[in-house]
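First the structure, in the form of structure tokens, and then the observations on it.
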Amino acid sequence: TCTMITDWLPQSPIVRYTLDWLSDANGNATVTVPQISGTIVRVITNPDDGATSPSASYDITLQDDDGLDLLGGLAANRSASASEQICPVIADGDTSLSMTVHSATTLAVTNAGAANGGLLRLYVKAAR
């Protein structure tokens, strides 16, 4: 399961999407997230504490409607106890560009253990 909270940060073009997920009995959580539009500038993963802490090295992907991971594989092998951050980019060896999205997305958490949870926070510079 997953719930989503969307907030505009004061005096800023940044929208913060907070996805609070809980894995099923197989250790997975998959949910379609409504359309996100803009450039992803920061991503934070924050595992639950205590009894609902996910298994070490759990994985998160956020796929766009083309099936591409908007996190660029950087949200694999997450810590079960510490918050972590990434800044996904597209790189071709010569240039790197921030990850831009304009689609519904699918959040997939795997290997988290049964009935465990955490937060995924996306900071997106909104498209206007």
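Rg over Rh for the chain works out to 0.97, both radii taken from alpha-carbon positions and Rh defined as the Kirkwood radius. Taking every alpha-carbon pair under 8 Å whose residues sit at least 6 apart, the chain reaches a relative contact order of 42 percent. In this structure, LEU97 and ALA56 have a Cβ-Cβ separation that, at R0 = 35 Å, corresponds to a calculated FRET efficiency of about 0.65. Averaged over residues, the count of other Cβ atoms within 10 Å places the peptides 32-43, 89-100, 113-124 in the sequence 113-124, 32-43, 89-100, highest first. The residues of segment 74-128 present an accessible area of 52 Å² per residue when probed at 1.4 Å with all protein chains retained. Extension gain for the segment ILE44 to ASP65, taken as residue separation times 0.36 nm less the Cα-Cα distance, is 5.4 nm to one decimal. Taking 0.36 nm per residue of separation and subtracting the current Cα-Cα distance, fully stretching the chain between SER37 and LEU119 would add 27.5 nm. Using R0 = 30 Å, the C-beta based FRET efficiency linking SER81 and THR6 works out to 0.65.
The values are calculated or read from the model by the stated rules, or taken from the named source; none is laboratory data. Predicted, not measured: the structure shown is a model, and the values here were computed from it. Glycine also receives a Cβ, built like all others from the backbone with ideal geometry; neighbour counts cover every protein chain displayed. Ligands, DNA and RNA are stripped out before the accessible areas are found, and what is left, the full protein with its side chains, is counted by its heavy atoms. Shrake-Rupley method; radii C 1.70, N 1.55, O 1.52, S 1.80 Å.
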